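This report concerns only the one structure given below.
Values in this text are rule-based calculations from the coordinates and carry no lab data. Source: prediction; values computed, not measured. Glycine gets a Cβ as well: all are built from the backbone with ideal geometry, and neighbour counts include every protein chain shown.
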Amino acid sequence: MTSKRLPELMVPANNLKILKYAVNYGADAVYVGGKKFNLRSIRGNFSLDELIKGVKYAHSKGVKVYFTLNSCIHENETGDLRDYLRELKSIDLDGIIVADLGAMGLIREIIPEARVHISTQASITNHHGVKIAEKLGASRVNLAREISFDDLKVIKRRSKIEIEVFVHGALCISYSGRCMLSKYMAGRDANKGECAHSCRWNYYLMEEQRSNLFFQIQQDKSGTHIYNSRDLCLLPELDKLISADIDSIKIEGRMKTESYVSLVTWVYRMALDHIAEGSFTKHIINYLINELDKASHRNFTKGFMFSAGNNELTDNENVGYIKKYTFVGTVVENREEHGGTVIGVRNQLNKGSVLDILQPGRKPQEHRVDKIIIASNRKEVDEANPNDIVVIPGLVNLNPYSILRIKK
């Protein structure tokens with residue numbers, strides 16, 4: 001058994017449905033955004049009514065909800081932010097995440113009892129920054145992703161408030177996400193929640209005087225992704241992070257599906273449980289990494305924290321999305337019809353496919369699809385398409401939050 005307390009496992013959710021999946025797969029806390037002032041504002045997010053429902057549901061399961069107000073606040077937006085904070089005041093949030101000092105000041109004025117967490121967007125990289133945040137009334141700081149593990153240990157030792165770090169998900173090419181590339185190229189400000197992910201695009205080199213003459217920057221017929229980064233994955237070093245006594249580990253991904261959020265939450269919950277039991281072995285780590293590989297992701301890296309001396313962060317050759325499994329469905333109803341559970345199809349599912357089924361608190365199981373029946377008319381088909389509601393005979397006793405996948 002570990003003598004260290006386990007950190008909080010904080011997981012993203014882009015809507016009420018995904019929040020419920022995160023809670024059921026083992027999150028200790030969920031962070032969400034509203035329709036305004038957060039850095040994932042392109043789609044989804046919570047209306048005030050949905051936020052109330054989400055907080056009520058999470059709290060009924062003993063899970064905290066943190067609310068993101070982490071965009072840059074311009075002068076002409078401060079009045080709107082004041083009004084928004086007044087609407088949020090009556091909601092029982094466990095914390096509000098900010099990056100802008102002005103936003104923090106308004107929270108202290110309008111919701112003085114609120115716990116304020118400083119976002120990684122504030123780029124705090126030393127204990128002096130943490131102390132300033134503490135003096136301003138912050139309860140927690142999410143450190144910049146660019147720090148080393150040695151620096152993390154010093155910062156934690158010298159800090160009185162809570163320390164949080166990202167352990168998994170997308171990385172930006174700019175300092176803790178402070179990027180202008182998207183606004184310059186697409187007119188969409190990443191610092192206002194409108195990032196176009198320009199760093200993931202494919203680029204060529206063009207000669208100045210010959211606008212129609214392109215050169216490949218590397219030997220790849222598809223060009224190059226020179227701005228692209230790998231995805232952060234600190235799972236193999238999780239026991240070291242716990243030894244540093246950090247307060248919260250955070251998963252990136254408020255634009256992700258319930259399939260992704262469920263899987264990553266399941267993996268890190270299992271990892272934390274193994275650490276608590278003193279059984280976080282190399283065998284377990286390899287098993288969990290293989291499970292993470294079932295989610296769509298780019299090549300993994302240990303980031304700045306554990307990658308000193310290697311070229312993971314600069315070697316972008318063949319760093320693209322890895323998609324080994326396809327998300328094909330979820331449980332629509334927990335009742336059984338025609339000898340099977342009612343399933344909502346997300347991507348095409350064919351007769352003869354082998355389902356890989358993820359459920360809360362269990363190891364994944366496989367099930368061969370020998371029959372597919374359309375629930376509405378009881379017609380047997382050879383394939384089901386997105387938005388079909390079907391029954392797969394023999395598929396019974398599924399958890400309502402099961403995730404169904406097939407290997408590509």
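Note that segment 157-163 has calculated 3J(HN,Hα) couplings of 5, 9, 10, 9, 9, 6, 10 Hz, one per residue in order, obtained from phi through the Karplus relation 6.51 cos²θ - 1.76 cosθ + 1.60 (θ = phi - 60°); glycine and proline are x.
Once R0 is set to 45 Å, what does the formula 1/(1 + (r/R0)^6) return for the Cβ-Cβ distance between SER139 and ARG368, expressed as a FRET efficiency to the nearest 0.05? Let's see the in-between values first.
Values: r = 50 Å, r/R0 = 1.12.
My answer for the efficiency is 0.35.
What net charge do the residues around LYS407 carry, taking every other residue with its C-beta under 9 Å from that of LYS407, with Lys and Arg at +1 and Asp and Glu at -1? Residues close to LYS407 contribute a combined charge of +3. Modelled spin-label separation between LYS324 and TYR287, with each label point placed 7 Å from Cα along the Cα-to-Cβ direction: 1.6 nm. Amide H to amide H distances under 5 Å link LEU39 with ASN70, SER71, where only residues 5 or more positions off or on other chains count and H is placed in the peptide plane.
3J(HN,Hα) along segment 246-257: 5, 8, 8, 10, 10, 9, 7, x, 6, 9, 8, 7 Hz, from the Karplus curve 6.51 cos²θ - 1.76 cosθ + 1.60 with θ = phi - 60°, whole Hz, x for Gly and Pro. Charging the Cβ of each Asp and Glu at -1 and of each Lys and Arg at +1, and nothing else, the dipole of segment 350-394 about its Cα centre rounds to 180 debye. Short-range pairs are left out: with C-alpha atoms under 8 Å and at least six residues apart, the relative contact order of segment 325-407 is 43 percent. Ordering VAL154, VAL331 from the fewest to the most neighbouring beta carbons within 10 Å gives VAL154, VAL331.
More than 17 angstrom separation, counting every C-alpha pair in segment 1-138; what % is that?
Values: 5679 of 9453 pairs.
Percent of Cα pairs beyond 17 Å in segment 1-138: 60.
Among the listed pairs LYS153/LYS256; LYS35/LYS64; LYS89/LYS153; LYS324/LYS351; LYS56/LYS363, those whose Cα-Cα separation exceeds 24 Å are LYS153/LYS256; LYS89/LYS153; LYS56/LYS363.
Can you pull out the chymotrypsin sites (Phe, Trp or Tyr not before Pro) in segment 263-299 whose DSSP state is coil and whose Cβ has at most 11 other Cβ atoms within 10 Å?
Details: sites: TRP266, TYR268, PHE280, TYR287; in loops: PHE280.
Passing both the DSSP loop test and the Cβ count: no residue.
Charge tally for TRP266 (other residues, Cβ to Cβ under 15 Å; Lys, Arg +1; Asp, Glu -1): +1. Where the alpha-carbon atoms of segment 233-315 are placed on the principal axes, they occupy 35, 35, 26 Å, in descending order.
The GluC sites (Glu not before Pro) found in segment 103-152 that occupy coil by DSSP, while having at most 11 further C-beta atoms within 10 Å, are GLU113. In a DSSP loop and with at most 15 other Cβ atoms within 10 Å, the trypsin sites (Lys or Arg not before Pro) in segment 106-160 are ARG158, LYS160. The convex hull of the Cα atoms of segment 325-408, projected and averaged over all directions, covers 4.6 nm².
The residue list LEU358, ILE343, ALA375 was ranked by how far each Cα lies along the charge dipole of segment 325-407 toward its positive end, using unit charges on Cβ atoms, and LEU358 comes out on top. Site pair LEU6 and LYS36 shows an inter-label distance of 3.8 nm when each label is modelled 7 Å from Cα along Cα→Cβ.
Taking neighbour counts of Cβ atoms within 10 Å as a proxy for exposure, in what order, fewest first, do THR281, THR330 appear?
On the way: THR281 10, THR330 21.
With the sparsest Cβ surroundings first, the list reads THR281, THR330.
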